[in-house]
């Protein structure tokens with residue numbers, strides 16, 4: 001192994017296990033016929049994989065920036081392609097978020113999905129496997145394989161189990177993401193021609209020419225901006241969210257969007273630092289536009305799912321704002337915000353799914369006035385709503401505070417306009433919350449949340465408060481990696 005990789009302290013390949021346990025579960029599903037057993041196997045697989053992934057946090061060493069739990073095997077020696085896995089402070093929580101959400105996605109689909117249940121659960125498990133692989137891969141080709149492997153199951157979730165306009169939404173999603181993948185592949189090939197290797201850590205912080213960094217950054221940035229999605233590449237997101245089943249929306253918002261910001265952190269900043277500095281002002285402008293544009297669009301929405309989808313454009317704008325502030329606080333805040341958005345927005349989509357099963361409508365008016373008839377539901381919905389606009393004491397407040405501190409340090413105008421976006425977030429979420437709780441007198445015979453629904457929302461509610469009131473463990477875990485990243489980038493800055 002290279003000097004960038006720490007040997008695995010455990011006696012088994014835990015990263016490979018976390019990647020391939022869902023794949024094994026998916027293959028087992030192919031031999032089962034009864035839907036009830038299929039759901040049970042999918043849920044059990046998700047729980048087992050989550051418990052295995054918890055060992056990563058237990059044995060993770062936050063005192064080093066090196067990649068941990070390293071695994072290395074020769075794969076295609078002729079082209080210097082290897083099977084290399086490792087995680088650091090950037091990826092540890094993203095993996096845990098992915099493995100935690102997988103069993104929740106199975107539970108929220110338990111009664112909502114009635115047709116082709118086996119195929120649906122198969123797609124969920126394949127998605128989990130590919131997403132964990134993206135965050136673990138330290139070889140460009142391996143990374144690209146996992147990156148592309150996510151595309152098909154997500155496309156199928158929308159195209160097969162989506163809403164009335166599922167064909168339009170799924171094809172648009174497929175075209176946009178495939179278009180971005182072409183640019184990602186071009187950047188990978190360019191780096192291979194420059195270094196003779198597909199090893200990701202070895203490609204970092206090399207003294208490439210500015211011209212090389214310029215074009216590689218552009219290729220990376222297009223691929224990752226589509227995935228985030230940044231303005232003006234965002235138009236596929238509302239359609240995909242609106243038509244996707246609840247589980248698809250949760251994975252899409254909580255994990256897939258983070259792969260764009262993860263790409264900026266893992267590739268753009270360390271591989272093309274000079275170009276990142278050059279393009280930072282433009283990326284900040286696009287981030288601010290996304291924050292404000294997303295806020296105004298949300299104010300005009302009448303569909304709950306569309307509102308939350310457009311809010312993702314604004315919230316992910318904060319994440320890219322923190323990344324391209326190129327400050328320690330900004331980068332820490334961006335990583336925290338990636339995690340916070342995954343928790344909060346995933347929970348909001350779960351809440352929309354819960355009420356949609358009862359009213360068969362996502363329109364705000366049709367779901368107004370639930371305060372008296374679904375008190376437990378509005379309690380959870382209220383918590384996640386105030387977290388969404390960064391109310392103090394909730395998780396998003398910590399992330400946005402770090403981002404604003406980092407942004408104001410070097411870019412006061414961008415910081416000012418991002419505050420306007422934060423005010424807009426409070427406006428549209430409070431407007432939504434008011435309608436859902438007190439919108440109108442309602443005597444519909446709608447049942448409140450059941451035990452299954454409470455079970456999969458409680459962990460997310462706990463995380464909202466834990467990360468909001470006691471963020472120190474999360475900050476401590478990511479601090480060394482982000483500090484090393486910023487210190488290495490300073491070498492290339494004038």
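The values are calculated or read from the model by the stated rules, or taken from the named source; none is laboratory data. On a predicted model such as this, the values are computed, not experimentally measured, just so you know. Every residue, glycine among them, receives a Cβ derived from its backbone with ideal geometry; neighbour counts consider all protein chains shown.
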| said: So if I check each of 389, 470, 474, 408, which one is crowded, with 22+ Cβ neighbours inside 10 Å and without any contact (Cβ under 8 Å) to a residue 60 or more places away in the chain? | reply: 389
| region 344-380, residues that are over 19 Å from residue 245 (Cα atoms), in contact (Cβ under 8 Å) with a residue 12 or more places away in the chain and not in a loop (DSSP other than H, G, I, E, B) | 365, 375, 376, 377, 378, 380
| task | Could you grab me the full set of residues in region 30-43 that are in contact with a helix residue (DSSP H, G or I) (Cβ under 7 Å, 6 or more places away or on another chain), over 13 Å from residue 128 (Cβ atoms) and assigned to a helix (DSSP H, G or I)? | result | 35, 38, 39, 41
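Quick one: which residue in 122, 173 is assigned to a helix (DSSP H, G or I) and at pLDDT below 90? Explain how you work it out, then say what you get.
Working: 122 fails: at pLDDT below 90.
Step by step, each of 122, 173 is checked, and only 173 is assigned to a helix (DSSP H, G or I) and at pLDDT below 90.
Given the structure, is residue 74 more than 26 Å from residue 264 (Cα to Cα) and in contact with a strand residue (DSSP E or B) (Cβ under 7 Å, 6 or more places away or on another chain)?
Numbers: more than 26 Å from residue 264 (Cα to Cα): yes; in contact with a strand residue (DSSP E or B) (Cβ under 7 Å, 6 or more places away or on another chain): yes.
Against the criterion (more than 26 Å from residue 264 (Cα to Cα) and in contact with a strand residue (DSSP E or B) (Cβ under 7 Å, 6 or more places away or on another chain)), residue 74 qualifies.
Quick check: anything in region 440-449 out of contact with any helix residue (DSSP H, G or I) (no Cβ under 6 Å at 6 or more places or on another chain) and outside any loop (DSSP other than H, G, I, E, B)?
Our first condition is that a residue be out of contact with any helix residue (DSSP H, G or I) (no Cβ under 6 Å at 6 or more places or on another chain); within region 440-449, this holds for 440-445, 447.
If we keep only those that are outside any loop (DSSP other than H, G, I, E, B) too, we end up with none.
No.
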| message | Yes or no: region 185-192 includes at least one residue that is within 19 Å of residue 256 (Cβ to Cβ), in a helix (DSSP H, G or I) and in contact (Cβ under 8 Å) with a residue 40 or more places away in the chain. | response | yes
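Does region 108-118 contain any residue that is without any contact (Cβ under 8 Å) to a residue 12 or more places away in the chain and over 15 Å from the mean Cα position of the chain (by Cα)? Before the answer, list the steps.
Looking only at region 108-118, we keep the residues that are without any contact (Cβ under 8 Å) to a residue 12 or more places away in the chain, and these are 114.
With over 15 Å from the mean Cα position of the chain (by Cα) added as a condition, the list becomes 114.
Checking region 108-118: at least one residue is without any contact (Cβ under 8 Å) to a residue 12 or more places away in the chain and over 15 Å from the mean Cα position of the chain (by Cα).
Can you find even one residue in region 320-332 that is free of Cβ contacts under 8 Å to residues at least 12 places away in the same chain, over 23 Å from residue 459 (Cβ atoms) and surrounded by fewer than 24 Cβ atoms within 10 Å (Cβ to Cβ)? Spell out how you get there, then give the answer.
Taking region 320-332 as the starting set, the residues that turn out to be free of Cβ contacts under 8 Å to residues at least 12 places away in the same chain are none.
Looking for residues that are free of Cβ contacts under 8 Å to residues at least 12 places away in the same chain, over 23 Å from residue 459 (Cβ atoms) and surrounded by fewer than 24 Cβ atoms within 10 Å (Cβ to Cβ), one finds none in region 320-332, hence no.
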| message | Here's a check for you: in region 63-95, which residue that is surrounded by fewer than 18 Cβ atoms within 10 Å (Cβ to Cβ) and in contact with a helix residue (DSSP H, G or I) (Cβ under 7 Å, 6 or more places away or on another chain) is farthest from residue 195 (Cα to Cα)? | response | 63
| task | Check 216, 288 and return the single one that is touching a helix residue (DSSP H, G or I) at 6+ places or on another chain (Cβ under 6 Å), buried (at least 22 other Cβ atoms within 10 Å of the Cβ), at pLDDT 90 or above and under 19 Å from residue 421 (Cβ atoms). | result | 288
| Every residue from region 456-494 that is under 19 Å from residue 396 (Cα atoms), in contact with a helix residue (DSSP H, G or I) (Cβ under 8 Å, 6 or more places away or on another chain) and in a loop (DSSP other than H, G, I, E, B) | 471
| said: Need the failing condition index for residue 99 against (1) assigned to a strand (DSSP E or B); (2) crowded, with 20+ Cβ neighbours inside 10 Å, just the number. | reply: (1)
| task | Return a yes/no flag: does region 109-117 have any residue that is surrounded by fewer than 21 Cβ atoms within 10 Å (Cβ to Cβ), at negative phi and either in a helix (DSSP H, G or I) or at pLDDT 90 or above (or both). | result | yes
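If you check residue 178 against the conditions, is it in a helix (DSSP H, G or I) and surrounded by fewer than 22 Cβ atoms within 10 Å (Cβ to Cβ)?
yes
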| task | Output the number of the condition that residue 206 fails; it satisfies all remaining conditions of (1) under 25 Å from residue 81 (Cα atoms); (2) surrounded by fewer than 17 Cβ atoms within 10 Å (Cβ to Cβ); (3) at pLDDT 90 or above. | result | (3)
